[in-house]
Structure formats: C-alpha cells, structure tokens
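None of the figures in this text is laboratory data; all of them are computed from the coordinates on show. What you are looking at is a predicted structure, and each value in this text was computed from that prediction instead of being measured. Every residue, glycine among them, receives a Cβ derived from its backbone with ideal geometry; neighbour counts consider all protein chains shown.
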Amino acid sequence: MARTLFRHARLLDETVDLLWDHGVVAVAGPGTLTARAGDVLVDGGLLTPPFAEPHVHLDAALLGARAPNVSGTLREGISNWSRLREDLTADDVAARATATLAMYRSWGVLRWRTHVDTGSNVAVDALLSLRATTPGLQVVAFPQEGILRAPGRRDGWERAVRGGCDAVGAIPHFERTTEEGWESVRLAFRLARELGLGVDLHCDETDDPGSRNLEVVCAETLAGGVPHVVAGHCTAMHSYPDPYAARVCELVATSGVQVVCNPLDNVVLQGRYDGYPKRRGLTRVDELWAAGAIVGVGHDSVMDPWYRLGTANLLDAAYMLVHVGHLTSEAEMKRVVRCLHTENHLPWGRPPTVGVGVTELLHWAVADEVELLRLRPRPAVFVA
Ligand code: FE2
C-alpha cells in the first residue's frame with residue numbers, strides 16, 4: 001500500500017504536512033516531510049476529520065417519488081408516509097438505507113443517526129439489524145405520529161426503545177394538546193432514565209409561536225439522569241417573541257441540550273401557511289450561538305416524502321443554513337463547516353481530530369473552508 005504524503009495542507013487554522021501510512025496518520029505537524037520512492041504526493045488542499053450526520057430518516061429515504069408532496073407541508077408528508085409505511089418490507093428498508101449510506105460515505109460522512117418510525121416494527125427491526133453490521137450507525141426510536149395521540153402508538157414506541165434503540169425520540173408538537181405534548185416529553189425522559197439512554201426529539205417543528213416544548217426538554221435535562229439530549233428542528237423559535245426566545249436560548253445553553261437544525265427540509269416545509277412575507281423555517285442559530293448553546297446541522301431527508309430533493313451531502317445543508325440564517329461572515333461560514341466534524345459528532349461522544357494515530361481522514365481539493373462551502377465537492381476519503 002503506497003503512503004500518501006500531504007504537503008502544505010490546511011488543517012483548521014494551520015498549514016501542515018501529514019503522512020498517511022498503512023491506514024493511519026503516522027506524522028502530522030508544521031514543517032516539511034521528506035518523500036520516499038513510491039509515495040503519493042498531494043500538495044495543498046484542506047484536511048478534516050470525517051463528517052457526522054446527526055439527523056436523517058433512512059426508513060423513508062428515496063421514497064419521495066412514490067408519494068409526491070403536493071402541498072409541501074409537513075402534515076402532507078406525514079400523511080403520505082403513513083400510507084407508504086404499510087407496504088414496507090425488511091429488504092426494501094435495508095436496501096434503501098444501504099444505498100443512502102453509500103451516498104453519504106461518498107461525501108465524507110461516516111457517522112449517522114437515523115430516526116426510525118416506531119409505527120412500523122418492520123422498519124425498526126430492519127434498521128436495528130443494519131446497525132449491527134454498520135459501525136457508526138445509531139438508531140433513535142421516533143414516534144412519527146406521536147406517543148399519546150393514537151391507540152397503539154405508545155406500545156410500538158416502547159417496543160422499539162426496549163428493543164435496543166440508541167436514543168428515545170418524541171414529537172411533542174404533534175400530540176393533540178399542549179399538555180399531552182409536555183407529557184410525551186416527560187415520558188421520553190422517564191424511559192431514557194430507566195434504560196440509561198439519550199433523548200433525541202423532533203421538537204417544535206412548526207411555525208406556531210405557541211409551541212413551547214423546548215423549555216420542558218431543557219427543564220427535564222437539568223433534572224439529570226440522561227447522558228445526551230438533542231432537540232431537533234426547533235423552528236417555532238423562529239417565530240417566538242424576542243424576549244421569550246432570549247429566555248429559551250439561555251435555557252438551552254444552561255441545560256446543555258444540543259439543538260440540531262435541518263435547513264433543507266425546514267426552509268421548504270415551514271412558512272406554508274403564510275401569505276407574503278413567508279417566514280424562514282429555521283431556528284435561531286445565531287442567537288443560540290451567542291447564548292453559548294451547542295448546535296448541529298442535519299440533512300434530515302434524502303429524497304423522501306417530506307423533501308423530494310437531497311444528495312446526502314452535509315455541505316448542502318450547511319450551504320442552505322448560511323443563506324437562510326444570514327451566517328455569511330467569514331467566521332460564521334467557517335463555524336458552520338466546522339460543526340459538521342465537531343458538534344455533529346457529539347451524539348457519539350468526543351468529536352474526532354486529525355493527528356498521529358488517527359485512522360479516518362478527509363482531504364478536500366479546496367483552499368479553505370469558505371471554498372469548501374462554495375463548491376461542496378467530494379472529498380478523498382482515507383479510512384483504515
Ligand atoms: Fe426529522
């Protein structure tokens with residue numbers, strides 16, 4: 001196996017030389033390394049750890065063409081999916097999930113957290129089986145149609161959690177009443193504490209400023225006993241009155257809850273009940289950052305009933321985020337790109353770095369992170 005010698009490569013804010021030798025980084029640092037006969041030489045470019053996808057739905061991926069979303073709303077997506085769900089087979093779920101993971105890998109994404117709809121035992125069992133042979137894959141028990149709003153939903157959700165999912169999901173804004181939404185959050189935390197699991201909810205994915213489940217998630221997190229808590233979407237925050245939003249951002253930061261935004265889906269799913277002007281379907285990333293909160297960036301859908309488009313390239317999600325979130329200063333764009341290999345990894349624990357002994361590495365043929373965002377190319381993926 002030839003060695004690969006990277007020279008004058010960009011690594012965060014430094015220029016380094018780095019030697020990839022038989023599946024591991026052997027040398028890394030400033031200064032010039034000497035090549036030997038047979039080495040592959042790569043001059044310049046950008047080095048990063050692998051990216052991580054904190055929020056995707058592999059059970060629904062690649063199904064969008066079978067049930068086009070005419071209204072473009074979240075609710076029609078859920079309705080279309082509930083019909084498709086009846087015809088799922090284990091082989092079909094596994095095949096689409098495997099194909100989608102291959103797409104992700106080609107873009108340098110080597111960790112995935114999929115939400116699986118616990119309304120389908122077929123999907124749950126298929127993705128848990130796939131996890132057994134797919135290092136880096138986590139499965140969240142996600143009750144797409146709520147825990148309390150329909151008979152039998154709670155049983156399927158609990159079956160999935162107790163069957164070995166990595167984290168407990170919920171969808172409080174989709175329950176019938178505000179009180180039932182809050183109760184579903186508390187049920188999720190109670191189950192997570194009992195089993196020592198994390199919590200990862202779809203939280204306040206609506207334009208309704210009265211959707212206020214995130215504060216309950218934060219309060220439950222502060223009560224302790226749950227190792228890692230993620231609140232996905234949180235788009236209602238976009239429409240909260242500013243004083244309330246400020247309080248919630250502070251609470252998110254204090255509690256350590258990680259907010260994962262999903263800009264590709266939410267920029268098209270939200271604002272659908274608005275005339276003009278139409279609201280942007282995005283949580284307040286700038287204000288969360290300012291408060292000291294932890295943010296992640298998900299792709300969410302890959303050609304599914306909610307979002308017909310999608311490439312599985314997380315840089316596309318980052319690209320949408322900087323546009324819709326007005327995060328286009330040099331520092332903000334760099335921070336968004338770095339989220340993909342730092343905060344996005346937190347559901348798996350400590351984010352990876354690039355240094356001696358590392359066995360996963362991406363090389364991008366661009367000068368810096370702003371160019372990475374602008375061009376969104378494929379990386380060269382180095383894995384042991
Ligand atoms: Fe989602």
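Only strands (runs of 3 or more DSSP E) wholly contained in region 289-384 count here; list those with 3 or more residues that are over 30 Å from Asp21 (Cβ atoms) and either touching a strand residue (DSSP E or B) at 6+ places or on another chain (Cβ under 7 Å) or among the hydrophobic types (A, V, I, L, M, F, W, C) (or both). Spell out the reasoning first.
Numbers: elements: 294-297, 360-364, 380-383.
By residue number, 294-297.
Test each condition in (1) closer than 28 Å to Leu197 by Cα; (2) among the hydrophobic types (A, V, I, L, M, F, W, C); (3) within 16 Å of the ligand (Cβ to nearest atom) for Leu340 and report the one that comes out false.
With respect to (1) closer than 28 Å to Leu197 by Cα; (2) among the hydrophobic types (A, V, I, L, M, F, W, C); (3) within 16 Å of the ligand (Cβ to nearest atom), Leu340 is out only on (3).
Looking at region 252-288 only, could you name the residues that are part of a helix (DSSP H, G or I) and either free of Cβ contacts under 8 Å to residues at least 40 places away in the same chain or touching a Lys or Arg at 6+ places or on another chain (Cβ under 8 Å) (or both)?
To start, the set of residues in region 252-288 that are part of a helix (DSSP H, G or I) comprises 252-255, 263-269, 285-288.
Correct list: Thr254, Ser255, Val267, Leu288.
Is it true that some residue in region 228-235 is surrounded by fewer than 20 Cβ atoms within 10 Å (Cβ to Cβ) and within 26 Å of Ser79 (Cα to Cα)?
Scanning region 228-235 turns up no residue that is surrounded by fewer than 20 Cβ atoms within 10 Å (Cβ to Cβ) and within 26 Å of Ser79 (Cα to Cα).
Could you grab me the full set of residues in region 51-92 that are within 16 Å of the ligand (Cβ to nearest atom), without any contact (Cβ under 8 Å) to a residue 60 or more places away in the chain and closer than 23 Å to Gln138 by Cα?
Within region 51-92, Arg85 is the sole residue that qualifies.
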